[in-house]
Amino acid sequence: MDLVIKELKKSFNNKEVLKGIDLTINSGQIFGYLGRNGAGKTTSMRILMDVFKGDSGSIMMDGKEFKPTDYRIGYLPEERGMYTKFKVKDQLVYFAQLRGATKKEAQHSMKKWAEEFGIDIYLDQKLETLSKGNQQKVQIAQAFICEPDILILDEPFSGLDPVNSKIFQDSLLNYIREDRIIIFSSHQMGYIESFCDGIAIINDGKIVLDGDLNAIRKQLGEGKLRLRFADQRNLDFLTAYDYTIDREDVILTIPPTETKKSIIEGLFSQGIELTMFMDYLPSLQEIFIEKTGDNNEKS
Ligand SMILES: Nc1ncnc2c1ncn2[C@@H]1O[C@H](COP(=O)(O)OP(=O)(O)OP(=O)(O)O)[C@@H](O)[C@H]1O
């Protein structure tokens, strides 16, 4: 499946929140959607969910107009919204039925996902009697129930301890299928880096970067080298170069007159003890700050 969003705009009270979003989201992988607080992520996801309409623009699925009612959509909202006074099992069955399941299918799916996330022992308890982390697992089970075609997860890891994070990561990776779209929004860059192939960064209502994460890292790292020296206290031999320090490493910009090879050979010929050198690949955090930081906002 290919979900293609074009020129999507949305204003609230005359304030333009989405300023013409262009995005392509492919099935069969986890798509990472990033942006600073208030950038417009939730607004875009809510339009996809048909909570409200965009003011203009188009959303197409496989070349046809996207109709949310044609798909099962699982949503884990950032502000968790379940009924705290209801029993866990009743809520899960309710959400399954909302997604079009019969009572029998709903019961079956409720049991399956409750077991998957280890909350089957709480099924007869009211949600409010569970710990925060266990409530979070109920919310996650709710998103997966009835195997949605489109799964939208907003900060799914918040509140999970490392063991439960791992259970959730495994479930998420198992869930990937060619006929499923998974959209994952988080401020925790490590998770996006470890799961997502395609990413998009939204800043102030516009997409400022999108594509395959590995390709983006390669492209943005071009022309730079990561070097590590046995002794980093005195780097006088680098004065001719433009470089920055990243913990124990030096990130060096290759000048137009030189190549990777000439730099390394030059260092060796001076007898400098180089313990590691590699192509520089910026982290997602560095990319994010570069694309959404204050300097960028002013430009
Ligand atoms: N229903 C609404 N009415 C008025 N303004 C809204 C509404 N929903 C969102 N906004 C505004 O739209 C902007 C984008 O909000 P949105 O929730 O989409 O951001 P976000 O990227 O999801 O942020 P966060 O990372 O903080 O969750 C914000 O300025 C927000 O105040």
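The values are calculated or read from the model by the stated rules, or taken from the named source; none is laboratory data. Predicted model only: the values in this text are computed from it and were never measured. Neighbour counts are summed over all protein chains in view; Cβ atoms, including those assigned to glycine, are modelled from backbone coordinates with ideal geometry. Note: areas computed on protein heavy atoms with side chains; ligands, DNA, RNA excluded. Shrake-Rupley method; radii C 1.70, N 1.55, O 1.52, S 1.80 Å.
How large, in percent, is the carbon and sulfur part of the accessible surface of segment 2-217 at a probe radius of 1.4 Å?
Exposed carbon and sulfur together represent 47 percent of the surface.
Counting pairs of alpha carbon atoms under 8 Å apart in space and at least six apart in sequence, what relative contact order in percent does segment 99-210 give?
21
Could you check how many percent of all C-alpha pairs in segment 148-241 are farther apart than 16 Å?
For segment 148-241, the share of Cα pairs beyond 16 Å comes to 69 percent.
Working from Cα positions, state the angle (0 to 90°, nearest 10) between the long axis of helix 260-269 and the longest principal axis of the chain.
50
Sort 45, 1 from largest to smallest accessible area, using a 1.4 Å probe on the heavy atoms of the protein chains.
Final ranking, largest accessible area leading: 1, 45.
If Rh is defined by the Kirkwood formula over all Cα pairs and Rg also comes from Cα, what ratio Rg/Rh do you get for the chain?
Taking Rg over the Kirkwood Rh, I get 1.08.
Debye sum, Cα scatterers, segment 100-170, no solvent: what log₁₀ I/I(0) at q = 0.19, 0.26, 0.27 1/Å?
Summing over Cα pairs of segment 100-170 leads to -0.78, -1.32, -1.37.
At a probe radius of 1.4 Å, what is the per-residue accessible area of residue 283, in Å² to the nearest 10?
Roll a 1.4 Å probe over it and residue 283 shows about 40 Å².
Compute, for the chain, the length of the dipole vector about the Cα centre, with Cβ point charges of +1 (Lys, Arg) and -1 (Asp, Glu) only. Units Debye, rounded to 20.
The calculation lands at about 1120 debye.
Just to confirm the number: angle between the C-alpha axis of helix 103-116 and the first principal axis of the chain, 0 to 90 degrees, nearest 10?
Tilt relative to the chain: about 40 degrees.
Could you sort out which of 103/132; 64/87; 41/224; 9/85 sit more than 30 Å apart by Cα distance in this structure?
Too far apart for the 30 Å limit: 64/87; 41/224; 9/85.
Given the Cα-Cα distance of residue 158 and residue 228 and 0.36 nm per residue of separation, how much length would full extension add, in nm?
Length difference between fully extended and current span is 21.7 nm.
Leaving out ligands, DNA and RNA, what percent of the accessible area of segment 224-279 is carbon and sulfur, probe 1.4 Å?
It is 51 percent, rounded to a whole number.
Show me the ranking of peptides 20-30, 122-132 by mean Cβ neighbours inside 10 Å, starting with the highest.
Result, highest mean first: 20-30, 122-132.
Under 8 Å for C-alpha pairs, at least 6 residues apart: give me the relative contact order for segment 224-279, rounded to a whole percent.
53
Run the numbers on segment 2-217 and let me know its relative contact order in percent, using alpha-carbon pairs under 8 Å that are six or more apart.
It comes to 31 percent, rounded to a whole number.
Would you list, by chain and number, the aspartates and glutamates whose Cα falls below 16 Å from the Cα of residue 206, excluding same-chain residues fewer than 8 positions away?
Partners found: 7, 16, 22, 55, 290, 294, 297.
Using Cα centres only, tell me the gap between segment 222-257 and segment 120-145 in whole Å.
The distance from the Cα centre of segment 222-257 to that of segment 120-145 comes to 50 Å.
Would you look at the GNM of the chain, springs on alpha carbons closer than 10 Å, and say which of 255, 156, 77 moves the most?
Per the Cα network of the chain with a 10 Å cutoff, 255 tops the list.
How big, in percent, is the set of alpha carbon pairs in segment 1-125 lying more than 18 Å apart?
Result for the distance tail: 63 percent.
Just the accessible area for residue 73, please: 1.4 Å probe, Å², rounded to the nearest 10?
The value for residue 73 is about 30 Å².
Could you give the accessible area per residue of the chain, probe 1.4 Å, as a whole number in Å²?
52
Just subtract the alpha-carbon distance of residue 83 and residue 215 from 0.36 nm times their residue separation and send over the number in nm, one decimal.
Net length gain for the segment: 43.2 nm.
Computed FRET efficiency, Cβ-Cβ of residue 104 and residue 281, R0 45 Å: what is it to the nearest 0.05?
Result of the calculation: an efficiency of 0.35.
What is the helix-to-structure angle for 162-175, meaning the angle in degrees between its Cα long axis and the longest Cα principal axis of the chain, kept from 0 to 90 and rounded to the nearest 10?
Roughly 80 degrees, rounded to the nearest 10.
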